[in-house]
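First up is the structure itself, then whatever we jot down about it.
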Amino acid sequence: MEKIVSLCKRRGFIYPNSEIYGGFAGFWNYGHYGVILKENIKCLWKQRFIFDHENMFATDTSIISNPKVLEASGHISNFGNEIFKTEVGTGEEITISHLRPETAQGIFVDFKNVIDSHHPKLPFGVGQIGKAFRNEISPRDFIFRQREFEQMEVEYFVKEAEWEKYFEMWREIMNKFAEEIGVKSHELEVPVDERAHYSKRTIDFQFDYPFGRGELWGLAYRTDFDLKNHNLDYFDEENGERIVPHVIEPSLGVDRSVLAVLASSYTEDELGGEPRIYLKLAKNIAPVRAAVFPLLKNKPELVSKAREVYVMLKKEFPNIEFDDNGNIGKRYRRQDEIGTPYCITIDFDTLEDNTVTLRDRDTGEQERIAISELFSKIKA
Ligand code: GAP
């Protein structure tokens, strides 16, 4: 874990919060590459959990809400001491509320609004990505257990008789997502006495972190617990009756996903007789897709040709980087640690025949290819 934490700091993925004041337990900051990696994971989640399906809606609800929300949801009575209390308003108009411990409640509370706006038939779902806060007694293990973190949650509303079918559907989607981001997860059926107060069945998706196996994500059958507690229901046109839908909830932590991706991709090997560290990130989530180098920094014709290639590629892939700092070996090492799948070097031959050197991150192998072939190579 120390090696991952150190790489994250060295290369600008994740920094300790308030570091110049000695840090602050349970809080972390994302740097440039961390932001992009996290954003790529979130984008893929939105695609796989929302846009790939019919009858899925997006939302973005507030972190603080009317205190009645967390009272009705059972959070105040079950986790009161773990919830961040806050004062809303000033002077005599103060309302005591709490920072949300899960994004889910925002979705439940808007249930009626979503129905009125979109008139969906069951089953349908609402997904959101957002911050959640828990006053964890012992924040630990880097970004594994934080006091401020981010969740990607779907609340999927179904008829009670169909809950098992849709539980299985989301289970498969979660397993595929793990595979797509290069993470090997292990399912654990959570026993009754360890489930949250609202759940009748929970599967934890666990991951082998450097400190041992622990929870990565959860899939819960929340029954009609939340909608009932918020006095919400649904008019089932098919049978002409009002019913309270049941809920399947795939809940994924963003930061734990980032940590699992980093731990899965962190690799040490030897290349050309030298030890090296690299992140074997899946191409679709790597913060930098390809880096373009002029062989020599002080040869204007190489620099200008390299910038030309850089600008051309950047039109297609927003995350292309230009680097002319230090010698080529150093630039490779830096890109390896960021997890950049390809490095492209422009040299004197490029000026003659429009070919470049394309280096593969994992094998370190280099091939000579035409500039016109770069798009298809990098995309693959
Ligand atoms: N809405 C359901 C819910 O919040 P949870 O299992 O308490 O369920 C869901 O949290 C996910 O949020 C976890 O699987 C984990 O990925 C993430 N998570 C929970 N607490 C966390 C913490 N203190 N730090 C980082 N991530 C956390």
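The values are calculated or read from the model by the stated rules, or taken from the named source; none is laboratory data. Fair warning: this is a prediction, and the values are worked out from it, not measured in the lab. As a convention, Cβ positions derive from the backbone with ideal geometry for all residues, glycine included, and neighbour counts pool all protein chains shown. Calculation scope for accessible area: heavy atoms of the full protein, side chains included, ligands and nucleic acids excluded. Shrake-Rupley method; radii C 1.70, N 1.55, O 1.52, S 1.80 Å.
Table for the structure above
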{"read-out": "Any hit, the stretch 295-309, residues being under 23 Å from residue 182 (Cα atoms), out of contact with any helix residue (DSSP H, G or I) (no Cβ under 7 Å at 6 or more places or on another chain) and among the hydroxyl-bearing types (Ser, Thr, Tyr)", "value": "no"}
{"read-out": "Only listed residue being free of Cβ contacts under 8 Å to residues at least 60 places away in the same chain and within 14 Å of the ligand (Cβ to nearest atom), chosen from 82, 54", "value": "82"}
{"read-out": "Where residue 363 falls short, out of the listed (1) in contact (Cβ under 8 Å) with a residue 24 or more places away in the chain; (2) open to solvent by 40 Å² or more (accessible area, probe 1.4 Å); (3) polar (S, T, N, Q)", "value": "(1)"}
{"read-out": "Considering residues of the stretch 148-166 that are touching a residue at least 12 places away in the same chain (Cβ under 8 Å) and more than 14 Å from the ligand (Cβ to nearest atom) only, the residue nearest to residue 280 (Cα to Cα)", "value": "166"}
{"read-out": "Test: residue 325 is at pLDDT below 95, within 19 Å of residue 12 (Cα to Cα), assigned to a loop (DSSP other than H, G, I, E, B) and not basic (Lys, Arg)", "value": "yes"}
{"read-out": "Test: residue in the stretch 180-193 that is in contact with an Asp or Glu (Cβ under 9 Å, 6 or more places away or on another chain) and among the acidic types (Asp, Glu)", "value": "yes"}
{"read-out": "Residues of the stretch 1-42 satisfying the condition of being surrounded by fewer than 18 Cβ atoms within 10 Å (Cβ to Cβ), among the polar types (S, T, N, Q) and either within 15 Å of the ligand (Cβ to nearest atom) or within 15 Å of residue 319 (Cα to Cα) (or both)", "value": "17, 29"}
{"read-out": "Among (1) of a type in the set (D, E, K, R); (2) in a helix (DSSP H, G or I); (3) under 29 Å from residue 277 (Cβ atoms), the one test that residue 315 misses", "value": "(3)"}
{"read-out": "Among the residues listed as 244, 158, 183, the single one being of a type in the set (Val, Ile, Thr), touching a strand residue (DSSP E or B) at 6+ places or on another chain (Cβ under 9 Å) and under 27 Å from residue 80 (Cβ atoms)", "value": "244"}
{"read-out": "Subset of the stretch 346-360 that is open to solvent by 80 Å² or more (accessible area, probe 1.4 Å) and not aromatic (Phe, Trp, Tyr) - its residue that is farthest from residue 280 (Cα to Cα)", "value": "352"}
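Conditions (1) at pLDDT 95 or above; (2) under 22 Å from residue 108 (Cβ atoms); (3) more than 15 Å from the chain's Cα centre (by Cα), marked per residue:
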site	(1), (2), (3)
130	yes, yes, no
143	yes, no, no
161	yes, yes, yes
169	yes, yes, yes
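To keep it simple, each residue is scored yes or no on (1) within 25 Å of residue 13 (Cβ to Cβ); (2) modelled with pLDDT of 95 or more.
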position: 284; (1), (2): yes, no
position: 294; (1), (2): no, yes
position: 301; (1), (2): no, yes
position: 317; (1), (2): yes, no
position: 329; (1), (2): yes, no
position: 337; (1), (2): yes, yes
position: 342; (1), (2): yes, yes
position: 371; (1), (2): no, yes
position: 377; (1), (2): no, no
